[in-house]
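Presented below is the structure to which this report refers.
The values are calculated or read from the model by the stated rules, or taken from the named source; none is laboratory data. In this text the structure is predicted, and so the values were computed from the model without any measurement. We place every Cβ from the backbone using ideal geometry, glycine too, and count neighbours over all the protein chains shown.
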Amino acid sequence: MNLIKNSGVAILLGLLAASASATDIATLRNGFTIRHETRAPLGVTTRLFLTSDGSSFVDVPTAEIIQIEHDLSPPPAPKEEPAASAPAAGPYAAGPTVPAPVNASPQPAVPSATSPADVSRVINEASGRYQLDPDLVNSVIRAESGFKVHAISPKGAQGLMQLMPQTANKLGVPNAFDPAANVDGGTRYLRELLEKYNYDLIKALAAYNAGPQRVEQYGGVPPYRETRHYVASIVRDFNRKKLAQQKAANTAAPKPQTQKPTQPRKQAKSATTPKPVPAPVNTQTTAKKMTPPTGN
């Protein structure tokens with residue numbers, strides 16, 4: 001499934017006006033799906049509440065939603081939930097990033113340039129390879145590292161997409177501080193998570209932050225405050241970009257010009273047009289009739 005292109009299909013407003021009585025699945029026009037407990041229309045956007053208490057939600061353009069259906073998957077087995085403030089654990093650790101300490105071990109040299117233009121280039125290239133929207137990858141990087149190439153989280157996650165050392169090894173990334181290698185590995189893993197969860201964007205982002213085992217344990221976003229905030233912030237940033245692009249496209253689109261129906265123009269009489277002259281009278285007609293025919 002190609003997640004780069006976006007095309008618009010509107011959903012029936014009646015589906016959005018009522019709150020969901022159970023977990024529902026909203027399918028977006030870009031192929032993503034979002035599981036939510038309740039929803040509420042807010043003008044041109046619809047707010048999808050990811051939790052029953054309304055503490056976590058995402059705003060999605062109404063025109064981006066093409067279908068809403070009940071989640072028929074069996075509920076997960078009840079588990080003992082940790083405290084809401086428990087830190088997420090998994091292959092990636094989002095969390096606040098900090099610069100590398102002065103007394104840290106020497107970091108590998110960064111072989112590629114780290115200017116904003118270069119970072120944007122590697123994001124676009126990786127997004128194209130794995131058929132992801134570059135705006136989504138940008139939103140993930142913003143939440144993970146704030147576009148800091150040498151960012152290190154308190155748990156040891158490194159680089160733009162905050163790869164843990166063991167995860168970087170599994171992805172074949174020898175140097176997590178190399179922007180090209182880091183973004184390539186993180187984007188490939190994000191694509192794998194989307195495929196694993198049938199393009200459920202919320203589950204994929206939660207797994208990126210807290211780990212797939214936690215998503216499977218709780219049947220969705222784990223009850224970690226950090227993970228819920230992480231998922232919601234990425235979806236909000238991604239939707240903000242799409243709304244801005246849609247607005248810019250609508251502004252730049254030329255407005256159709258309405259032309260008045262053309263009336264048939266009356267042909268003006270020309271002063272130089274000669275008037276028809278009557279045929280001259282043949283004065284020789286009578287004489288010709290009286291002339292005797294000539295012999296052979």
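I'd like the residue in the stretch 221-248 that is part of a helix (DSSP H, G or I) and of a type in the set (Phe, Trp, Tyr) and, out of all such residues, is nearest to the chain's Cα centre (by Cα). Among them, the one singled out is 238. Taking every residue in the stretch 143-164 that is under 14 Å from residue 211 (Cα atoms) and pairing it with any residue that is at pLDDT 95 or above and outside any loop (DSSP other than H, G, I, E, B), at least 6 positions away or on another chain, the pairs with Cβ-Cβ distances below 7 Å are 157/163; 162/144; 163/182; 163/185; 163/186.
Residue 197 meets the stated requirement of being in contact with a Lys or Arg (Cβ under 9 Å, 6 or more places away or on another chain) and without any contact (Cβ under 8 Å) to a residue 24 or more places away in the chain. The number of residues in the stretch 173-198 being surrounded by fewer than 19 Cβ atoms within 10 Å (Cβ to Cβ) and touching a Gly at 6+ places or on another chain (Cβ under 7 Å) comes to 0.
When you check residue 128 against the structure, is it under 23 Å from the mean Cα position of the chain (by Cα) and among the small types (Gly, Ala, Ser), yes or no? So residue 128 passes the test. Scanning the stretch 195-204 for residues that are touching a Leu at 6+ places or on another chain (Cβ under 8 Å) and in a loop (DSSP other than H, G, I, E, B) turns up at least one hit. Taking (1) surrounded by fewer than 22 Cβ atoms within 10 Å (Cβ to Cβ); (2) under 24 Å from the mean Cα position of the chain (by Cα); (3) closer than 30 Å to residue 71 by Cβ in turn, residue 147 satisfies each apart from (3). If only residues of the stretch 124-142 that are of a type in the set (A, V, I, L, M) and touching a Lys or Arg at 6+ places or on another chain (Cβ under 8 Å) are counted, the one that is farthest from residue 209 (Cα to Cα) is 126. Residue-level check: of (1) under 17 Å from residue 29 (Cα atoms); (2) modelled with pLDDT of 95 or more, residue 185 misses just (1).
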